[in-house]
Amino acid sequence: MRLAATAMAMPLLLLLLAGGALAQLADAAPEDIEIGLSTDTVFITSDFRGANLTIFGALDDADPLIQRQGGYDIVAVLEGPRRTIVVRKKTRVLGVWINTRSMVFTDVPASYSIAMTRQPQDITDTPSYQRLGLRIPYLNLRPLAADADPQAVEEFTTALRNRMEESGLYTELAGGVQFLSRSLFRATFHLAPNVPVGTHRARAFLFRNGVFVKETSAALTIRKAGAEQRLFEFAHQQSLAYGLLAVLLAMITGWLGRLIFKRD
Amino acid sequence: MHNLLVSRVGIYLPIAEMSVNMVILLAMGGAVGFLSGMFGVGGGFLITPLLIFYNIPPAIAVATGANQVIASSFSGALAHFKRGSLDVKLGLVLLLGGLVGSSLGIYVFAYLRRLGQLDLIVSVLYVGFLGSVGGLMLVESVRAIRRSRNGGTADLRHSGQHNWIHRLPLKMRFRASKLFVSVIPVLGIGALIGFLASIMGVGGGFIMVPALIYLLKVPTNVVIGTSLFQIVFVAAFTTIIHSTANQTVDIVLAFILMLGGVAGAQYGARVGQKLRGEQLRALLALLVLAVALRLAFDLFVRPSNVYSLVIGGI
């Protein structure tokens, strides 16, 4: 009786084992990452002068052996809202420096910060970064005109990257992501005082021994709050009233100034 | 240290969408206000380039400059009105021309901005006008100073001396200015200044004052009040049009500049009263030339980076 039961259970067990192996083949990576932001909305008020944003993350179902060897790497990205950007080039015409050539780029991240657990070349190779569109040199930047001269595209794309880096809107920080424990990690980003307003996206990429495994993302809203927001909306929605208010304010200030300081 | 200072006094500008140092802006407004009170000009020709040097986008610097000019001009015009050194009739005719010129200027402004040549045209206009006005004033005032040193009169007004402007038709009498002149040049000067006001973010006092003195031979004591009077209206008109057409007036930025400007203007006016007319004109000429040279430098010297970005793509 007992034997019969075992005999009956055997194929089932085999089936289960085989199924498990198949599942492992289909989903070669059991690891998973999750992230959460220290805040999901940053409000810009009159005293805003930049802020820090922390991305917390967890690495689940990691292989302990690889973990011990330090084979896991995290690349965290904070990407600003997409904007259309015109790159203009000045050349000398009759002794005067004039904007003569330009190229329009669409869907350019208005800001881009990337942080990594190690030096970028120690995490994975250039082709991988290129494939994922990761890091400033490999960001996918496309001009609006599809038939643009490739040499010009190269020139203006480079200029766009350089200018964004110079203005502090594109930053790269090796070592900006730290493992707090075996499975918990943290990335800290600094939001510049001129951080673009809109919906930003925080993304985290997991690499295992140099191979990209998984990506996850979360949204961050940066918006003006209080008086700043109301003034901005007022200026755009009721622009005539706003203009009249600006004039009135100037006249009152001029008149009060005279009242306060006058001697005649 | 620098960071600490910035962080204490930083203020976020809602339209320019950037954080700036309030102390720097107050000082900027104060210094410009002092000069404008001293010379009887609105100070727009100084404030707009200063804002651009301070990385405020040119379109916002121009529109906000116009707004700031209202405060200092209004304050000055009130003082002149009480003193009776303001020709309301002349001011109104100038204004009529000014409104036409300003409306035209706004459209040209929007067009140039789309074309990507706004910065160039603004700089070229500044260099051209400031350079020529400053140069002419300097030559004239130095001559006047020499004349007065030699015991002669430094007054500009020589009775019986008429130029071609006084032969034009449609003459009109301006009593307060003791003037009988054709309205054509008056409207023309008004229109030119209105046009420049909207493109350059200036009230146009630095052109108006010499134009009234040298072309129309308006007595110097009436010129400043009248110029300020019409600048108030042209700048107000420009501000309203820029707010409705381009949404580029930053009221917070303008207000900080006004606070500094109004205070500075009062002290400037007192210093100005102690100086002689020709000395004042010579100093203003030097100031105007200095701004023109600074802007010409940017135009002719290779920029540190030949590439520039316009985010938002206009």
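Does at least one position in the range A:158-176 carry a residue that is β-branched (Val, Ile, Thr), in the same structural domain as residue A:49 (by TED's automatic domain parsing) and surrounded by fewer than 18 Cβ atoms within 10 Å (Cβ to Cβ)?
yes
Taking the condition of being assigned to a helix (DSSP H, G or I) and either in contact with a Cys (Cβ under 8 Å, 6 or more places away or on another chain) or at the interface with another protein chain (Cβ under 8 Å from one of its Cβ atoms) (or both), how many residues in the range B:246-260 meet it?
6
Of the residues in the range B:275-314, how many are part of a helix (DSSP H, G or I), within 14 Å of another protein chain (Cβ to nearest Cβ) and open to solvent by 40 Å² or more (accessible area, probe 1.4 Å)?
Residues in the range B:275-314 being part of a helix (DSSP H, G or I), within 14 Å of another protein chain (Cβ to nearest Cβ) and open to solvent by 40 Å² or more (accessible area, probe 1.4 Å): 3 in total.
Looking at (1) out of contact with any Ser or Thr (no Cβ under 7 Å at 6 or more places or on another chain); (2) surrounded by 11 or more Cβ atoms within 10 Å (Cβ to Cβ); (3) modelled with pLDDT of 90 or more, which is the only condition residue A:31 fails?
Residue A:31 satisfies every listed condition except (3).
Tell me, please, whether a residue that is under 23 Å from residue A:82 (Cβ atoms), of a type in the set (Phe, Trp, Tyr) and at the interface with another protein chain (Cβ under 10 Å from one of its Cβ atoms) can be found in the range A:203-219.
No, because not a single residue in the range A:203-219 is under 23 Å from residue A:82 (Cβ atoms), of a type in the set (Phe, Trp, Tyr) and at the interface with another protein chain (Cβ under 10 Å from one of its Cβ atoms).
Anything in the range B:240-259 that is in contact (Cβ under 8 Å) with a residue 40 or more places away in the chain and of a type in the set (Val, Ile, Thr)? List them, or say none.
B:241, B:248, B:249, B:251, B:252, B:256
Kindly indicate whether residue A:91 is within 14 Å of another protein chain (Cβ to nearest Cβ), surrounded by fewer than 22 Cβ atoms within 10 Å (Cβ to Cβ) and of a type in the set (Val, Ile, Thr).
yes
For the range B:113-144, how many residues meet the condition of being over 16 Å from residue B:202 (Cα atoms) and surrounded by fewer than 17 Cβ atoms within 10 Å (Cβ to Cβ)?
Selection size over the range B:113-144: 9.
Do we have any residue at all in the range B:265-288 that's touching a residue at least 40 places away in the same chain (Cβ under 8 Å) and under 25 Å from residue B:14 (Cα atoms)?
no
Answer yes if at least one residue in the range A:244-260 is crowded, with 20+ Cβ neighbours inside 10 Å and more than 7 Å from chain B (Cβ to nearest Cβ), and no otherwise. Even if it seems obvious, please write down each step before you answer.
So in the range A:244-260, the residues crowded, with 20+ Cβ neighbours inside 10 Å come out as A:246-247, A:250, A:253-254, A:257-258.
Right, trim to more than 7 Å from chain B (Cβ to nearest Cβ) and you get none.
For the range A:244-260, residues crowded, with 20+ Cβ neighbours inside 10 Å and more than 7 Å from chain B (Cβ to nearest Cβ): absent.
So is residue B:74 facing chain A (nearest Cβ under 9 Å) and open to solvent by 40 Å² or more (accessible area, probe 1.4 Å) or not?
The answer is yes for residue B:74.
Of all residues in the range A:99-137, count the ones that are within 14 Å of chain B (Cβ to nearest Cβ) and either of a type outside the set (Val, Ile, Thr) or surrounded by fewer than 18 Cβ atoms within 10 Å (Cβ to Cβ) (or both).
The number of residues fulfilling the criteria is 13.
Filter the range B:196-206 for residues that are buried (at least 24 other Cβ atoms within 10 Å of the Cβ) and either touching a His at 6+ places or on another chain (Cβ under 7 Å) or assigned to a helix (DSSP H, G or I) (or both); which is modelled with the highest pLDDT? Before you say what the answer is, go through the steps one by one.
Keep residues of the range B:196-206 that are buried (at least 24 other Cβ atoms within 10 Å of the Cβ), which gives B:196-198, B:200-206.
Filter once more, keeping what is either touching a His at 6+ places or on another chain (Cβ under 7 Å) or assigned to a helix (DSSP H, G or I) (or both): B:196-198, B:200, B:205-206.
Values: B:196: 83, B:197: 78, B:198: 79, B:200: 77, B:205: 77, B:206: 75.
Only one residue tops the list, namely B:196.
The values are calculated or read from the model by the stated rules, or taken from the named source; none is laboratory data. All values derive from a computational prediction rather than experimental measurement. Heads up, the Cβs are rebuilt from the backbone with ideal geometry, glycines too, and the neighbour counts pull from every protein chain shown. We work out accessible area using only protein heavy atoms, side chains counted, and drop any ligands, DNA or RNA first. Shrake-Rupley method; radii C 1.70, N 1.55, O 1.52, S 1.80 Å.
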